[in-house]
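The values are calculated or read from the model by the stated rules, or taken from the named source; none is laboratory data. Just so it is clear, the model here is predicted, and its values are computed rather than measured. Because the Cβ atoms are built from the backbone with ideal geometry, glycine has one as well, and the counts that use them run over all protein chains shown.
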Amino acid sequence: MEVSVVEYHKKDKRIYSQIEGHCHSVYEIYYFISGDAEIMVEGKIYPLTPHTLFLIAPGVMHGIQVNSRADYVRDVLYISPDHLLPERRHLLTGIMPTHKKKPTRELLYEHTEDFHLDDFFYRIYQLKDQPQDVQDMLAPIFNEALLAQIHLLGRVLKPATFINQMPDKMIEIINYVNGHLTENLSLDNIASHFFISKNNLNANFKKFLGNTAMDYVRYKRIILAKQAMDAGESAMSAALQSGFTDYSSFYRAYVKYEGTSPRTTMSASERS
């Protein structure tokens with residue numbers, strides 16, 4: 001079984017004044033420890049305070065803005081249901097409560113220090129020094145322990161509220177784009193559909209999401225394709241299902257956003 005990826009007490013002193021939006025094909029569990037930063041999720045902003053826990057589902061665009069050179073420290077776990085034993089996968093998928101009309105794709109909890117989440121991240125991080133067979137055996141158990149603690153946390157604390165800084169028109173555009181990702185979306189037809197200039201459309205995407213409109217579309221399509229590949233689809237089939245019109249454009253976008261080829265990703269998945 002593939003071991004989940006954890007970054008423990010990752011420290012940075014750089015300033016990220018421009019949020020660069022990105023998304024993953026797996027869940028991200030992000031624990032903010034210290035620094036002067038705020039987080040963006042699909043155009044919504046939240047200033048981070050120490051001991052803030054952030055949970056985000058696959059395919060959600062998000063990014064961090066770091067405002068000073070104060071030590072920016074966080075723990076992060078990237079994990080999919082496949083990283084857990086089958087009978088425990090609901091521990092991960094269940095942390096994002098859903099509603100029939102409006103599923104929750106992200107949650108943020110403040111003042112979580114009483115739950116000692118850092119101890120759980122540290123135990124997962126320690127596994128990297130163990131033989132592979134020990135990692136394979138213990139990683140699901142340690143991941144389950146963290147997720148179980150998060151479930152207990154969610155029964156005590158109420159989620160914090162993000163500040164929606166996007167105009168209503170941009171929210172409408174984002175919802176439209178996300179609802180038509182597998183269809184023929186271009187900068188021209190998005191702009192014409194909403195009677196907005198292409199330059200204005202891109203400027204708003206960059207301001208609120210850290211990407212141009214078509215970068216946003218391609219990024220989201222790559223995530224859809226990765227999920228299809230993880231489910232056993234070929235790279236070509238995954239590309240076409242995700243809205244790409246040909247393999248070459250899919251390949252170029254995949255290498256740009258993932259830093260590797262689809263074949264390399266699929267080979268690594270098959271070996272795990």
TODO: Could you list all residues from region 6-33 that are modelled with pLDDT of 85 or more, hydrophobic (A, V, I, L, M, F, W, C) and under 23 Å from Val177 (Cα atoms)?
DONE: Cys23, Val26
- [ ] Give region 192-218 a look and list any residue that's buried (at least 19 other Cβ atoms within 10 Å of the Cβ) and at pLDDT below 90, or say none.
- [x] Phe208, Leu209, Gly210, Asn211
- [ ] Might you let me know whether region 167-176 holds any residue that is in contact with a Ser or Thr (Cβ under 7 Å, 6 or more places away or on another chain) and of a type in the set (Phe, Trp, Tyr)?
- [x] no
TODO: Run down Arg74, Arg89 and say which single residue is at negative phi and out of contact with any Phe, Trp or Tyr (no Cβ under 6 Å at 6 or more places or on another chain).
DONE: Arg89
- [ ] Determine, yes or no, whether Arg74 is buried (at least 19 other Cβ atoms within 10 Å of the Cβ), at pLDDT 90 or above and among the basic types (Lys, Arg).
- [x] yes
- [ ] Could you list, in sequence order, all residues of region 145-186 that are charged (D, E, K, R), in a loop (DSSP other than H, G, I, E, B) and either surrounded by 15 or more Cβ atoms within 10 Å (Cβ to Cβ) or assigned by TED's automatic domain parsing to the domain that holds Ala238 (or both)?
- [x] Glu183
Open item on the list: I need the helices (runs of 4 or more DSSP H) fully contained in region 188-272, keeping only those with at least 3 residues that are closer than 25 Å to Gly43 by Cβ, more than 21 Å from the chain's Cα centre (by Cα) and free of Cβ contacts under 8 Å to residues at least 12 places away in the same chain.
Closed with: 198-209
Open item on the list: If I filter region 43-71 down to residues being under 30 Å from Pro140 (Cβ atoms) and not aliphatic (A, V, I, L, M), which single residue comes out as surrounded by the fewest Cβ atoms within 10 Å (Cβ to Cβ)?
Closed with: Pro50
- [ ] Search region 76-87 for residues that are assigned by TED's automatic domain parsing to the domain that holds Tyr27 and pair each with any residue that is in a strand (DSSP E or B) and among the charged types (D, E, K, R) when their beta-carbon atoms are under 6 Å apart and the residues are at least 6 apart or on different chains.
- [x] Val76/Glu7; Tyr78/Glu28
Task: Cross-chain or 6+ apart pairs with Cβ under 6 Å, region 20-48 first and without any contact (Cβ under 8 Å) to a residue 12 or more places away in the chain, then surrounded by fewer than 20 Cβ atoms within 10 Å (Cβ to Cβ) and assigned to a strand (DSSP E or B) - done: Pro47/Glu38
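Residue-wise test of (1) farther than 12 Å from Ile29 by Cβ; (2) out of contact with any strand residue (DSSP E or B) (no Cβ under 9 Å at 6 or more places or on another chain).
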residue: Val76; (1), (2): no, no
residue: Ser80; (1), (2): no, no
residue: Leu84; (1), (2): yes, yes
residue: His111; (1), (2): yes, no
residue: Glu144; (1), (2): yes, yes
residue: Leu147; (1), (2): no, no
- [ ] Output the residues belonging to region 12-59 that are part of a strand (DSSP E or B), under 10 Å from the mean Cα position of the chain (by Cα) and of a type in the set (A, V, I, L, M, F, W, C).
- [x] Ile29, Val41, Leu55, Ile56
Task: All positions within region 33-44 that are closer than 18 Å to Phe162 by Cβ and out of contact with any Phe, Trp or Tyr (no Cβ under 7 Å at 6 or more places or on another chain) - done: Met40, Glu42
Open item on the list: It is to be established whether one or more residues within region 83-103 are within 30 Å of Lys13 (Cα to Cα) and at pLDDT below 95.
Closed with: no
Open item on the list: I'm told Asp36 meets every condition in (1) at pLDDT 90 or above; (2) more than 29 Å from Leu127 (Cα to Cα); (3) in contact with a helix residue (DSSP H, G or I) (Cβ under 8 Å, 6 or more places away or on another chain) except one. Can you identify the failing condition by its number?
Closed with: (3)
Task: Hits in region 164-183 (condition: under 22 Å from Gly59 (Cβ atoms) and touching a residue at least 24 places away in the same chain (Cβ under 8 Å)) - done: Asn164, Gln165, Met166, Met170, Ile171, Ile173, Ile174, Val177, Asn178, Leu181, Thr182, Glu183
Task: Residue tally, condition over 21 Å from Tyr16 (Cα atoms) and touching a helix residue (DSSP H, G or I) at 6+ places or on another chain (Cβ under 6 Å), over region 57-78 - done: 1
